[in-house]
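The values are calculated or read from the model by the stated rules, or taken from the named source; none is laboratory data. The structure presented is a predicted model; accordingly, all values stated were derived computationally and were not measured. FYI the Cβ positions are ideal-geometry reconstructions off the backbone, even for glycines, and counts take in every protein chain you see.
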Amino acid sequence: MKAIIIDDEKHVRDGLQLLADWKGNGIDTVYEAEDGDEAIRLIKEHRPEIIFTDMQMPKRDGISLLKWIAESELASITIVVSGYDDYTFMRNAIFYKSFDYILKPIDPDLLNETLERAVKKWKEEALTRRASGNVETIPSSQNASTSSMRKIEEYLRTNYQQDITLQEIADRFYLSREHISRKFKQEYHETITDYVTRIRMEKSKELLAKPGFKIYEIAYHIGYHNEKYFSKVFKKFYGITPNEYRTSVVK
């Protein structure tokens with residue numbers, strides 16, 4: 001089994017490494033992360049069964065990390081280790097199904113009792129998953145990937161006017177850019193950039209059929225800040241200019 005300790009304070013990470021009976025609980029590898037962003041990268045790569053996380057960290061904090069874990073439907077067991085006896089932190093820990101909430105300074109007996117229970121719970125859940133035919137994994141199954149891609153597709157259709165970057169999508173949906181690029185193309189048979197362009201072109205045709213809109217207004221409305229660039233993209237996509245298309249449909 002594997003575990004990860006997420007805390008921006010090195011002495012806390014060192015303390016957990018020293019105090020926890022890892023081998024006694026069947027854990028042979030323990031990773032460390034200083035913040036939520038690094039944690040997500042390591043969790044995706046190594047799939048630890050047990051996650052210890054602080055709540056107040058730079059970049060991505062504990063609440064955001066717990067949210068990502070919950071939405072990713074990870075099979076990991078999460079234990080919060082915090083120096084704050086804070087209602088908001090505790091409420092979010094409960095809401096995102098954290099297994100337990102341990103206060104700093106860490107009591108070694110409490111730590112190991114919690115770790116033992118967490119490992120036992122993970123094993124029980126793993127047996128249940130196997131019995132029902134679901135092998136423990138980060139949600140990369142076809143159903144989970146399809147669901148994620150549909151949510152991304154819906155987001156693109158709603159926000160096509162914006163200059164959406166792959167990194168923004170990755171941050172919003174808590175997935176890697178590589179995973180999104182690969183799975184989206186598998187699902188929709190085109191890249192995200194091409195997909196957004198097609199949505200913009202389809203919308204521009206609708207607006208060109210309405211004489212009240214000027215070309216530069218249409219360009220701006222669908223997300224282009226340069227009329228000439230819009231006309232260039234439109235001609236490449238349809239083989240004619242926006243004006244030529246308008247002339248053909250508006251009598």
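For every residue, the table says whether it meets (1) modelled with pLDDT of 90 or more; (2) more than 16 Å from the chain's Cα centre (by Cα); (3) not assigned by TED's automatic domain parsing to the domain that holds Gly239.
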| residue | (1), (2), (3) |
| --- | --- |
| Gln162 | no, yes, no |
| Gln167 | no, no, no |
| Gln186 | no, yes, no |
| Asp194 | yes, yes, no |
| Thr197 | yes, yes, no |
| Glu206 | yes, yes, no |
| Tyr216 | yes, yes, no |
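So the check is Cβ under 6 Å with 6+ separation or different chains; which pairs have a first residue in the range 105-129 that's farther than 18 Å from Pro48 by Cβ and a second one that's surrounded by fewer than 18 Cβ atoms within 10 Å (Cβ to Cβ)? What qualifies is Pro108/Leu19. What are the residues in the range 157-174 that are under 23 Å from Leu65 (Cα atoms), part of a helix (DSSP H, G or I) and of a type outside the set (Lys, Arg), if any? The answer is Leu166, Gln167, Glu168, Ile169, Ala170, Asp171, Phe173.
Do the conditions hold for Lys183, that is, is it of a type outside the set (Phe, Trp, Tyr), surrounded by 15 or more Cβ atoms within 10 Å (Cβ to Cβ) and under 23 Å from Ile40 (Cα atoms)? So Lys183 passes the test. Test Tyr174 against the stated conditions and say whether it is on the phi > 0 side of the Ramachandran plot and within 14 Å of the chain's Cα centre (by Cα). The answer is yes for Tyr174. If Ile164 satisfies every condition in (1) in contact with a helix residue (DSSP H, G or I) (Cβ under 9 Å, 6 or more places away or on another chain); (2) exposed (fewer than 14 other Cβ atoms within 10 Å of the Cβ); (3) in contact (Cβ under 8 Å) with a residue 24 or more places away in the chain but one, which is the exception? Only one criterion is unmet by Ile164, namely (2).
Condition check ((1) under 20 Å from Thr146 (Cβ atoms); (2) of a type outside the set (A, V, I, L, M, F, W, C); (3) free of Cβ contacts under 8 Å to residues at least 24 places away in the same chain) across all residues:
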{"position": "Ser181", "(1), (2), (3)": "yes, yes, yes"}
{"position": "Lys185", "(1), (2), (3)": "yes, yes, yes"}
{"position": "Tyr188", "(1), (2), (3)": "yes, yes, no"}
{"position": "Thr197", "(1), (2), (3)": "no, yes, no"}
{"position": "Arg200", "(1), (2), (3)": "no, yes, no"}
{"position": "Gly212", "(1), (2), (3)": "no, yes, yes"}
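Checking each residue in the range 214-251 for being under 19 Å from Asn159 (Cα atoms) and in contact (Cβ under 8 Å) with a residue 40 or more places away in the chain picks out His221, Ile222, Gly223.
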